[in-house]
Amino acid sequence: MLDLEGDAALGSFLWMLVCVVLIIGLAYWFTRYVAGRGALGAFSGGRRMEVLDRMPLGRDQSVVLARVGERYLLLGAGTAGITLLAELTEEEAAAWKPPETAAEEKKPGFKEAFLTMMKQRERR
């Protein structure tokens, strides 16, 4: 006699397992290839506009140094909107730019971030 309930439960389990593996695989692919290479277009920033630095001042308030073309803008961003605080020369903006480090250039991929998170959980 066939055990239809057991077969249905096994089929459901296998389908759920395939879905979980697919989700993890897509997350890995997305962080590795799409987000890591700036293929998101509007989210990755372009050559003409770039946020160089940001300093939070409080809840929903910050000061932003942005480069738009050849212009450097010091902006105040808050819930009421964005306000131009000053337009800086390239020399003044260079003093505000954070130093570029090797750590910023090499960002961890999905695998490295996942392994780091798992190691931190094991320590707890």
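The values are calculated or read from the model by the stated rules, or taken from the named source; none is laboratory data. This structure is a prediction, so every number in the text was calculated from the model and none was measured. Quick reminder, even Gly has a Cβ in these numbers, built from the backbone with ideal geometry, and neighbours come from all protein chains shown. Note: areas computed on protein heavy atoms with side chains; ligands, DNA, RNA excluded. Shrake-Rupley method; radii C 1.70, N 1.55, O 1.52, S 1.80 Å.
Scan region 97-106 and give yes if some residue there is surrounded by 10 or more Cβ atoms within 10 Å (Cβ to Cβ), modelled with pLDDT under 80, closer than 27 Å to R59 by Cα and not hydroxyl-bearing (S, T, Y), otherwise no. Reasoning before the result, please.
Keep residues of region 97-106 that are surrounded by 10 or more Cβ atoms within 10 Å (Cβ to Cβ), which gives 97-98.
Within this subset, residues satisfying the condition of being modelled with pLDDT under 80 are 97-98.
Keeping just the survivors that are closer than 27 Å to R59 by Cα gives 97-98.
If we keep only those that are not hydroxyl-bearing (S, T, Y) as well, we get 97-98.
Within region 97-106 (the criterion being surrounded by 10 or more Cβ atoms within 10 Å (Cβ to Cβ), modelled with pLDDT under 80, closer than 27 Å to R59 by Cα and not hydroxyl-bearing (S, T, Y)), the answer is yes, since at least one residue qualifies.
Please go through (1) at pLDDT below 85; (2) open to solvent by 100 Å² or more (accessible area, probe 1.4 Å) for K119 and return the number of the only condition it doesn't satisfy.
Here K119 clears every test but (1).
Tell me, which residue of region 12-48 that is among the aliphatic types (A, V, I, L, M), within 20 Å of the chain's Cα centre (by Cα) and at pLDDT 85 or above is least open to solvent (accessible area, probe 1.4 Å)?
Filtering region 12-48 down to residues among the aliphatic types (A, V, I, L, M) leaves 14, 16-18, 20-24, 26-27, 34-35, 39-40, 42.
In the following step, the residues that additionally are within 20 Å of the chain's Cα centre (by Cα) were identified as 23-24, 26-27, 34-35, 39-40, 42.
Now restrict to residues that are at pLDDT 85 or above: 23-24, 26-27.
Values: I23: 113, I24: 92, L26: 97, A27: 39 Å².
The qualifying residue least open to solvent (accessible area, probe 1.4 Å) is A27.
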